[in-house]
1. Name the pairs whose Cβ atoms lie under 9 Å apart, with the first residue in the stretch 46-61 and closer than 13 Å to Thr10 by Cβ and in contact (Cβ under 8 Å) with a residue 60 or more places away in the chain, the second away from ligand 1 (no atom under 13 Å from the Cβ) and part of a strand (DSSP E or B), and 6 or more positions between them or separate chains?
2. Does the stretch 175-189 include one or more residues that are away from ligand 1 (no atom under 16 Å from the Cβ) and over 24 Å from Lys94 (Cα atoms)?
3. Kindly indicate whether any position in the stretch 188-210 is crowded, with 23+ Cβ neighbours inside 10 Å and touching a Pro at 6+ places or on another chain (Cβ under 7 Å).
4. Against the definition (under 18 Å from the mean Cα position of the chain (by Cα), touching a residue at least 24 places away in the same chain (Cβ under 8 Å), assigned to a helix (DSSP H, G or I) and surrounded by 23 or more Cβ atoms within 10 Å (Cβ to Cβ)), how does Asn319 come out, yes or no?
5. Tell me, which strands (runs of 3 or more DSSP E) lie completely within the stretch 204-286 with 3 or more residues that are within 16 Å of ligand 2 (Cβ to nearest atom) and touching a residue at least 12 places away in the same chain (Cβ under 8 Å)?
6. Cβ-Cβ under 7 Å, sequence separation 6+ or interchain: first residue in the stretch 70-85 and more than 8 Å from ligand 1 (Cβ to nearest atom), partner of a type in the set (S, T, N, Q). Which pairs?
7. What's the number of the condition Gly309 fails, among (1) surrounded by fewer than 24 Cβ atoms within 10 Å (Cβ to Cβ); (2) assigned by TED's automatic domain parsing to the domain that holds Lys28?
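The values are calculated or read from the model by the stated rules, or taken from the named source; none is laboratory data. Please read all numbers here as calculations on a predicted model, not as lab measurements. When we count neighbours, we look across all protein chains shown, and the Cβ atoms used for this are built from the backbone with ideal geometry, even at glycine.
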Amino acid sequence: MIRAAIVGATGYTGAELVRLLSRHPEVKLVGLTSQQYAGQPYESVFHHFADQVDLHCSPQHIEEIVADADVLFLAVPHGLSVPWVVESLRQGKKVIDLGADFRFRRADVYEKWYSTHHDAPELLVEAVYGLPELKREAVAKARVVANPGCYPTASVLSVAPILGKGIINERRLIIDAKSGVSGAGRKLNTPSLYAEANENINAYNVGKHRHIPEIEQEIAERAGLQADQMAISFTPHLTPMTRGILATVYADIQAGVKITTDELRQMYQEFYAGEFFVHVMKEGVWPHTKWSYGSNHAFIGVTVEERTGRIIVSTAIDNLVKGASGQAIQNMNILFGLPEKTAIEAPGMFP
Ligand SMILES: NC(=O)C1=CN([C@@H]2O[C@H](COP(=O)(O)OP(=O)(O)OC[C@H]3O[C@@H](n4cnc5c(N)ncnc54)[C@H](OP(=O)(O)O)[C@@H]3O)[C@@H](O)[C@H]2O)C=CC1
Ligand SMILES: CC(=O)N[C@@H](CCC(=O)OP(=O)(O)O)C(=O)O
């Protein structure tokens with residue numbers, strides 16, 4: 001059995017890890033940390049785990065938690081991961097960080113967008129950006145996996161099949177994205193209050209969201225460009241749903257390129273052939289976030305808009321599953337040589 005510990009087990013992604021890992025046939029949960037609930041039974045923090053999870057929340061004693069586990073999931077706010085990663089490496093353990101601290105190749109980019117100093121920039125080169133459909137081989141050999149952000153997961157999957165092929169202008173993509181409120185975590189946060197989020201939709205962090213450099217980094221790498229050549233417009237919106245991301249991407253087709261919707265769809269189907277979790281929709285079918293609710297599956301709709309010379313792609317995922325905890329388990333399965341879909345294969349809950 002793989003011994004797994006979750007740091008920050010009392011947040012939304014932590015609870016989602018517990019839900020999925022507690023049913024994983026090859027995993028034993030051995031540690032669930034929390035600051036504010038340390039010492040309390042986990043099932044008294046989340047009563048829906050009554051009689052299901054027989055562990056107490058433990059304080060964040062790094063050495064002991066790492067010593068007891070084969071793999072650590074870090075589900076804490078950004079800026080807190082470095083000591084856990086350093087100790088995991090020292091003890092020869094695997095670590096999967098759900099936050100942003102190890103997603104960037106360059107510390108200066110992280111420091112600029114997160115307004116935080118990076119205490120272990122030398123480790124950034126060794127961390128693997130864990131989007132399994134694109135980096136499976138690298139993940140398999142990794143010691144540190146940087147689990148992608150929820151918006152970047154949907155955005156990068158949306159365009160990966162057409163990057164670096166001379167079909168679109170990758171530099172100037174426009175991404176319009178919507179998220180459910182669980183994307184903001186369980187902490188108190190005024191925009192997430194029912195009275196403010198219900199029956200409301202608004203853009204936020206327009207032109208300055210911290211996922212811009214992450215999306216640009218990953219798209220540039222696959223397109224054969226430098227990240228500083230990128231000028232992507234990414235506009236996130238908060239929507240009155242609990243879970244879900246819908247990212248709609250607009251890409252200008254390069255001058256002289258002729259492509260039909262059928263040809264485009266065929267490219268996507270070939271690129272994602274054999275990918276259990278990625279589904280390319282038929283003509284006229286556009287993804288709904290509800291299809292992915294509670295699941296690790298991603299749904300992609302594509303079209304060529306001949307009138308404007310643009311490709312439009314719309315992708316739906318669950319921010320807490322494919323956008324966070326499910327993808328983290330997919331990465332863990334790869335790290336330990338297990339079938340990738342173990343414990344996360346179920347379809348979404350519908351309606
Ligand atoms: N929500 C989402 O959809 C996604 C989130 N992520 C990332 O995953 C990580 C966790 O997010 P999420 O679960 O939403 O966050 P939550 O706010 O729901 O939970 C955060 C967790 O971290 C713990 N924590 C908070 N502050 C500290 C601290 N100073 N020291 C130690 N532990 C602390 C909390 O523990 P306690 O309060 O019990 O002490 C809690 O268990 C973040 O990095 C987030 O950006 C990534 C993709 C999607
Ligand atoms: C609705 C909402 O607030 N969403 C969060 C994204 C959550 C997330 O996934 O952020 P990381 O993946 O980078 O940790 C935000 O916009 O900051």
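1. Filtered contacts from the stretch 46-61: no entries.
2. Let us first name the residues in the stretch 175-189 that are away from ligand 1 (no atom under 16 Å from the Cβ), namely 175-176.
Within this subset, residues satisfying the condition of being over 24 Å from Lys94 (Cα atoms) are 175-176.
Looking for residues that are away from ligand 1 (no atom under 16 Å from the Cβ) and over 24 Å from Lys94 (Cα atoms), one finds at least one in the stretch 175-189, hence yes.
3. no
4. no
5. Numbers: elements: 233-238, 245-252, 278-280.
Qualifying strands (runs of 3 or more DSSP E): 233-238, 245-252.
6. Close Cβ pairs satisfying both conditions: Leu72/Ser88; Gly79/Thr116.
7. Of (1) surrounded by fewer than 24 Cβ atoms within 10 Å (Cβ to Cβ); (2) assigned by TED's automatic domain parsing to the domain that holds Lys28, only one is false for Gly309: (2).
Residue-wise test of (1) away from ligand 2 (no atom under 13 Å from the Cβ); (2) crowded, with 19+ Cβ neighbours inside 10 Å.
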| residue | (1), (2) |
| --- | --- |
| Gly79 | no, no |
| Ser88 | yes, yes |
| Gln91 | yes, no |
| Ala100 | no, yes |
| Glu111 | yes, no |
| Tyr114 | no, no |
